[in-house]
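This report refers to the structure that appears directly beneath it.
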Amino acid sequence: MEEDIMTEAREAGVEKNDFSKGSVSRAILGLALPMTLAQLINLLYSIVDRIYLGHMPGAEHLALTGVGLTLPIINIVMSVAALCGTGGGPLFSIARGRRDDDEAERTMGNSFAILLIFGAVMTIAVIIFKKPILYLFGASDNTYPYAGGYLSIYMIGTLFVMIGLGMNPFINAQGFGRMGMLTVAIGAAINIVLDPIFIFVFGMGVSGAALATIIAQFCSAVWVLRFLTGKKALLHLKLSCMRLQAARVRKILTLGLAGFIMNLTTSLTQIVCNVTLQRYGGDLYVGVMAVINSLREVIMMPISGMSNGSVPVIGFNLGAEKFDRVRRAIKFSVSGTLLYSAVIWAVVMLVPGALIRIFNTEPDLIAAGIPAMRIYFALFIFMSLQMSTQNVFLGLGRSKNAIFFSLLRKAFIAAPLTVIFPLAGFGKNGVFYAEAASQLIGGIACFSTMYLVVYRHLSHRDSV
């Protein structure tokens, strides 16, 4: 009797979260809005740290700069989480669309096991080689104490970060966008409360900010695990599904490689930028880049939410062979992204100084940051276009396309130009011009390929 009730509940849940029925735009927004809010809340972990540290008495911009130097390492941690989340998530959705629940659960279980292995290895490696890594990434004798102090504590919570970020896509892929939002909302709320207590009341500075973060991430990880192993989930995280199977692991890693490389190449670009700016502008301009990166992360979250919200819908309808709905999902996601990016571009161009003051009020940093921001975000619309179309490739399981265009913009265009432009006479501003150039070229190339190779092809398949 109890088994019959559970079966009926599962079937009802599957029907409710069947993305092959109803409004495509409503399905995407139903996932995108909670996911965007969740990502924005998740971003508060590091953003709140930087806001508090940027206004910490006696540290000037050095505390903010120091924590900014840890961002490439933190992004690498997140890229490993993305390796499993963006790899396993679309495969999980495609299996759901085919009504293959067993394969979906095994995909989720294998993704979790991979996360644990990679997380443990990263924690040990970074703690051992922390000092040479930070100096290689642009730290100075003035900023290393802040960067090292923050990173030493943050890396202890690496597994918590990876579980929260890497497994949350499996909640969203089941249609529980609000539950996915709560995953990070709980942790972020804890972090916001603990940050000022640890930083100012207990006088722990950057170490306090890191401690507050890992406590909050622990709470998020517990929430994820409780949901995925609980009764409300349609499909569950099971110990029996964690036994690694070579072919399945290969598929997860191959598809997840796109998300991994997207984040990894972001870290590469940040490292090259910091090193170049340290050479041409010193700690001040490394601090400017820390502020720009912080603002970019906030600005990009709605784009990421819209794009990621479309991935389960695209994957589900591809598995169900509803090609017309796949095309509608692509059109809605890309057009919505372009509309948002046009509005936010105008805001950045009009009031860059007000945005910088959120993080730091030093006159020198503001004076240097205003022209730098306007250059960096000049062609922002094209970067958002690339991000949305890369996620289209992921939703369709075309990892090679997503990997190529991520590498094209960041590794093959942005990173080399970041070195070349300053040498060509642009000085420190060359770093920001390099980013703008990469946004233009990468965005046009990625969108054109998606339209010609994927979008038009889907219309032919639907007419057959």
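For this structure, a couple of remarks:
- Charged side chains reduced to their Cβ positions (Lys and Arg at +1, Asp and Glu at -1) give segment 39-191 a dipole of some 60 debye around its Cα centre.
- Here segment 270-397 is treated with +1 on each Lys and Arg Cβ and -1 on each Asp and Glu Cβ, and its dipole about the Cα centre works out to around 440 debye.
- When only the Cβ of Lys, Arg, Asp and Glu is charged (+1, +1, -1, -1), the dipole of the chain relative to its Cα centre reaches about 1000 debye.
- Computed [θ] at 222 nm, helices only, for the chain once each DSSP H run of length n ≥ 4 contributes -39500 (n - 2.57): -27000 deg cm²/dmol
- With the charge dipole of segment 306-412 set up from +1 on Lys and Arg Cβ and -1 on Asp and Glu Cβ about the Cα centre, the Cα lying farthest toward the positive end among the listed residues ILE403, PHE382, VAL313 is that of VAL313.
- For segment 62-71, 3J(HN,Hα) computed residue by residue from phi via the Karplus equation (6.51, -1.76, 1.60; θ = phi - 60°) reads 5, 5, 4, 5, x, 5, x, 5, 7, 4 Hz, glycine and proline entered as x.
- Within the same chain, lysines fewer than 8 places from LYS131 are excluded, and of the rest, those with a Cα less than 30 Å from its Cα are LYS410, LYS428.
- Global geometry of segment 162-309, whether rounded, prolate or oblate, following the gyration tensor of its Cα atoms and the 1.5 cut on a/c: oblate
- Gained length - ASP364 relative to ARG99, 0.36 nm times residue gap less alpha-carbon distance: 89.5 nm
- Only one residue of PHE170, THR254, CYS241 has its Cα farthest out toward the positive end of the dipole of segment 135-259, where Lys and Arg carry +1 and Asp and Glu -1 on Cβ, and that residue is CYS241.
- Maximal additional length on extending the ASP324-ARG226 stretch stands at 31.6 nm, based on 0.36 nm per residue less the C-alpha distance.
- Those trypsin sites (Lys or Arg not before Pro) in segment 235-313 that DSSP places in a loop and that have at most 16 other beta carbons within 10 Å: LYS238, ARG243
- Principal-axis tilt of helix 144-154 within the chain, Cα atoms, nearest 10 degrees: 20
- Pairwise FRET efficiency - ALA120 versus GLN245, Cβ, R0 = 22 Å, nearest 0.05: 0.60
- Converting phi to 3J(HN,Hα) with the Karplus coefficients 6.51, -1.76 and 1.60 and the offset θ = phi - 60°, segment 354-367 yields 5, 5, 5, 5, 4, 9, 6, 10, 5, x, 5, 5, 5, 4 Hz in sequence order, with x at every glycine or proline.
Bear in mind these aren't lab numbers, they're just calculated from the coordinates by the rules spelled out. None of these values were measured; they are calculated from a predicted model. Note: ideal-geometry Cβ built from the backbone for every residue, glycine included; neighbour counts use all protein chains shown.
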